[in-house]
1. For the range 48-64, which positions are touching a helix residue (DSSP H, G or I) at 6+ places or on another chain (Cβ under 7 Å) and over 19 Å from Pro150 (Cβ atoms)?
2. For the range 28-42, give me each residue that is within 13 Å of the chain's Cα centre (by Cα), open to solvent by 50 Å² or more (accessible area, probe 1.4 Å) and of a type in the set (Gly, Ala, Ser).
3. Check off (1) part of a strand (DSSP E or B); (2) within 14 Å of the chain's Cα centre (by Cα); (3) among the small types (Gly, Ala, Ser) for Ala132 and give me the number that stays unchecked.
4. In the range 67-106, which strands (runs of 3 or more DSSP E) lie fully inside it and hold 1 or more residues that are on the phi > 0 side of the Ramachandran plot?
5. So Val40 fits all but one of (1) in a helix (DSSP H, G or I); (2) β-branched (Val, Ile, Thr); (3) touching a Pro at 6+ places or on another chain (Cβ under 7 Å); what number is the exception?
6. Go through the range 134-159 and report how many residues are out of contact with any Ser or Thr (no Cβ under 9 Å at 6 or more places or on another chain) and either open to solvent by 50 Å² or more (accessible area, probe 1.4 Å) or among the hydroxyl-bearing types (Ser, Thr, Tyr) (or both).
7. Check off (1) in contact (Cβ under 8 Å) with a residue 24 or more places away in the chain; (2) within 15 Å of Ala130 (Cβ to Cβ); (3) of a type in the set (Lys, Arg) for Arg31 and give me the number that stays unchecked.
8. Specify the residue that is farthest from Ala78 (Cα to Cα); the eligible residues are those in the range 107-133 that are hydroxyl-bearing (Ser, Thr, Tyr) and surrounded by fewer than 22 Cβ atoms within 10 Å (Cβ to Cβ).
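The values are calculated or read from the model by the stated rules, or taken from the named source; none is laboratory data. Because the structure is a prediction, the values reported are computed rather than measured. Cβ coordinates were reconstructed from backbone atoms using ideal geometry, including for glycine residues, and neighbour counts include every protein chain displayed. Surface accessibility is based on the protein's heavy atoms, side chains included, excluding ligands, DNA and RNA. Shrake-Rupley method; radii C 1.70, N 1.55, O 1.52, S 1.80 Å.
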Amino acid sequence: MSTTLNVLSIGPGVAIQDLGRPGAMANGLTRGGAADVLAVHEGAALLRQSHELACLEMVGFGGSFEAQDDMRIALTGAQMKANIDGTAVAWNASHSLPKGSVLNIGGTLSGTYGYLHVGGGIDTAPIMGARATHLSSGFGRLVATGDTLPIGRDGGHGT
């Protein structure tokens, strides 16, 4: 049985990203993927999972998300205001997101690209070996209010 994260509201330009598609330039496709590769690695380290798993890249503003099952999350990159059910949570840290709880991510306090990582990664279908949104190539689309994001099996440990 798979788990999901429901998108209750979303900021502009939020996309599913990973490390992109290196080596595809011969086919006319840039690497794409996350703008802040270090933040992707930091989220993976916080959740003790592969850095190849997809996450949400938020540009300036996040959104509101409801957990359909217990899950782990990490928040990295540009610091943004965040809370779980109204209780403020630390940035550049991992947290438990209990079933039915709502994660709210507001605007950036500094920087541009913030990242929401989930234990198990966002498990959309890969295209040419990546889950990264690449709008100019027609791979993926921006995340929209009402979306249900599939989450992979969480093989990490702890929060």
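1. His51
2. Residue satisfying the conditions is Ala35 alone.
3. (1)
4. On the way: elements: 71-77, 80-84, 93-97.
Qualifying strands (runs of 3 or more DSSP E): 71-77.
5. Unmet for Val40, out of (1) in a helix (DSSP H, G or I); (2) β-branched (Val, Ile, Thr); (3) touching a Pro at 6+ places or on another chain (Cβ under 7 Å): (3).
6. 4
7. (1)
8. Let us first name the residues in the range 107-133 that are hydroxyl-bearing (Ser, Thr, Tyr), namely 108, 110, 112-113, 115, 124, 133.
Those left that are additionally surrounded by fewer than 22 Cβ atoms within 10 Å (Cβ to Cβ): 108, 110, 112-113, 124.
Details: Thr108: 6, Ser110: 6, Thr112: 6, Tyr113: 5, Thr124: 24 Å.
By that ranking, first place goes to Thr124.
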